[in-house]
Every structure is written in structure tokens, then in C-alpha cells.
Amino acid sequence: MSTQHNPHSRLTDAMRLVLRNIERAGRPPMSMLTAQQARLFYELSASILDLPEPRMARVEDLQIPMRDGQLIKARLFAPTLKTEAAPLPTLVYFHGGGFTIGSIQTHNVLCRELSRIAHCAVISVDYRLAPEHRFPTATNDAWDALQWVYKSGSVLGLRANALAVGGDSAGGTLAAVCAIHARDVGLPLSLQLLIYPGTAARQESASHHKFDTGFMLDKATVDWFFDHYIDSKDRDDWRFAPMLAERHDALAPAWIGLAECDPLVDEGVAYGDLLRMAGVSVELEIYHGVVHGFVNMGRVIPESRRAHADAAQALRKAFSTSI
């Protein structure tokens, strides 16, 4: 059968083996679980395919105040101690998980790796999740956290003039939204680091149909996430679908990393095109033969480690030009 008619033939051998092993393990479909069950399942399974945890010189738990008076958790990772080196540039990072699952812990290795390879601080933000906190709580939390880091940089021993925002999947959506907010208030960002971000209001692209079953993130799971997170009447809000923002000019440069066999790949490419047309500098990488979530599979998927290195290189380059 041709690759056109059998998208599974696009997968690398390693990726195919991972999907086969997951299927054999009898993993329950996420759409059959409660949000609490899905979170626990994700927490327990997140590290299985990930790299061993790299040691960090500095790991610090933070509490960040939100606009409604609540405090949310964040964790700062840095390759040097606060006292032993010049202030570091910083990436504020939002984990993936469909706005419903995921945590600082599920993305612990990724954030440490980006910190280690890019030689920057990474602040991973534990924004509030749906269905307990529906749209727009996550996007408000993300923006409040970014502003807090910007204002608190010197206290934390960070470089105030070298700040990036990033995330994967739903976290990539939050990062893209924050980049637009930042432009609107004049908060300077060195880079927006978007790993397979959701950018569209509705899941209607060709890739959503092509990879809707059997590629990790299936249609039933996407629907389950968004039913928990957002009312249908809010889907055209640009804070859910950053592609719908009124304008995209004058945004921070973007590094966009996508998985080829991912329902979200088309909207990632489309967002990159939209930014370029608005005059924004965009570097876009498509990692062939891998699925959504591959950046957390560094133990078994070589493309994961390559994406870490590429993202870190983009950060180093962006920070080196910040003055």
C-alpha cells in the first residue's frame, strides 16, 4: 500500500515499536477515563520513555500569584547556582496535556534538558487545569506567570533582558498567546518556542483526518480534552486559537518544532506561514516519522534528542542577540 493511503508507513521503526508496545500494554483510552484518572495515569507513565533525569545545580520551587489571588506552583531549573555565575537568560515553559492533564513532573526531564543544553534557566509553570478550571483560566495563569517572571527576574538572579516563552501542545498554545499579549504591552521576548502547538479553533485540517486514529493523539482524545476545557461558543477566541488573533506582526521570533505524524502538524505549519507573512522571523522543523508527544520519548526515539538540541540551539541564538 502506498504511503499516501497508509500513513502508518511514514513512521520510523522505533516509533512504530513504541506504538505497538503501548497497544499491547492495553492502555485504556484517555477518553474513557475521568480527568483525575487520566492525570494519575499520565504521571505514572510519563517517565517510562523519557531520558534519565539530568542533574541540575539549582532546582527551586516557586509560588506565583495570580490575578484572582490564588498562588500557583512553578519550578526553576538552572545549570548554575544563583551565586556562582552571571545572571542567566530564562525560558518560561508551559507543559502539554490538552489543558486537562500534565504537570511540572511530567515535563521535568524536558525542562532540565533545555536548561542544560541551552545553558539557561527554565521556569516550568503549573497552570491550573480543566475541568476544574475551564477556559480562560489556563491562558490567564500563563500570562500572569510570564509577567511575574519578567518583574521578578533580578530577585531570582536572572537576566531581565533575555526572556523567552515556550511550551508543547496545549502549552505551545499558551506560549503563542503569551507572545501576542507580550507584544501588546511592550514586554520584550527573545523567542517563542512552540512544540507542536494547537493554533486553530477547530480540528478540520487534512492532518486531523489523516492521523485521527493510531498515532497517540487520536480524535477521541482531542475531543475529550476540549470538552473538558472550553465551551463551543468560546472556540473562536484567539486565546484558544492564536491563529485568529487580529494581527501577528511585531511578535517575538518563533522556533516551531512539529511531528510529521501528528493531527496538529498542519495547523503548526499554517501558524508558521501566518507569522512569516506578518514579517516575523520563523524557524520551523518537522521531525519525520514521529507522533505527537515524541519530545518526551528521548530514551527510545532519537528524533526526541535531536529536537531538544535544536530547540536549545534556537534559545542560545535568541539569547545571544538580546542586549
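Read-outs: derived from the displayed coordinates by stated rules, not from any lab. Note that the structure is a prediction, hence the values are computed from the model and not measured. Note that each Cβ is placed from the backbone with ideal geometry, even for glycine, and that neighbours are counted across all protein chains shown.
Taking a ≥ b ≥ c as the square roots of the eigenvalues of the Cα gyration tensor, an a/c ratio below 1.5 marks the stretch 7-320 as rounded. What is the Cα centroid distance between the stretch 185-215 and the stretch 283-303, reported in whole angstrom? With the stretch 185-215 and the stretch 283-303 each reduced to a Cα centre, they are spaced 15 Å. Placing a label point 7 Å from the Cα of R306 along the Cα-to-Cβ direction, the residues of the stretch 264-282 with a backbone N closer than 20 Å are 264-266, 268-269. Only the Cβ atoms of Lys and Arg (+1) and of Asp and Glu (-1) were treated as charged; on that basis the dipole of the stretch 7-320 about its Cα centre amounts to roughly 780 debye. Between helix 137-152 and the chain there is an angle of about 30 degrees, using the helix long axis and the longest principal axis of the Cα atoms.
So the label point goes 7 Å from the Cα of N21 along Cα→C-beta, right? Which residues of the stretch 277-308 then have their backbone N under 11 Å from it? Inside the label zone: 298-301.
When the label point is put 7 Å from the Cα of V185 along its Cα-to-beta-carbon vector, which residues of the stretch 244-276 have a backbone N closer than 20 Å? Answer for this model: 245-253.
Between the alpha-carbon centres of the stretch 98-117 and the stretch 137-172 there is a gap of 15 Å. For the stretch 7-92, just say rounded, prolate or oblate: build the C-alpha gyration tensor, square-root its eigenvalues into a ≥ b ≥ c, call rounded for a/c under 1.5, and beyond that prolate if a/b exceeds b/c, oblate if not. Taking the square roots of the gyration eigenvalues as a ≥ b ≥ c, the stretch 7-92 is oblate.
By DSSP, what percent of the beta bridges with both residues in the chain are antiparallel, rounded to the nearest 5? That works out to approximately 30 percent antiparallel.
Each residue, L244 and N161, gets one label point 7 Å from its Cα in the Cβ direction; the gap between the two is 3.9 nm.
For K73, the lysines whose Cα comes closer than 23 Å to its Cα, not counting residues fewer than 8 places off in the same chain, are K82, K151. Between H8 and E84, the FRET efficiency from the beta-carbon distance, with R0 = 35 Å, is close to 0.10.
By the rule of a C-alpha distance below 14 Å, with chain neighbours fewer than 8 residues away ignored, no aspartates and glutamates are paired with K233. DSSP assigns beta bridges within the stretch 65-182; of those with both partners inside it, close to 30 percent run antiparallel.
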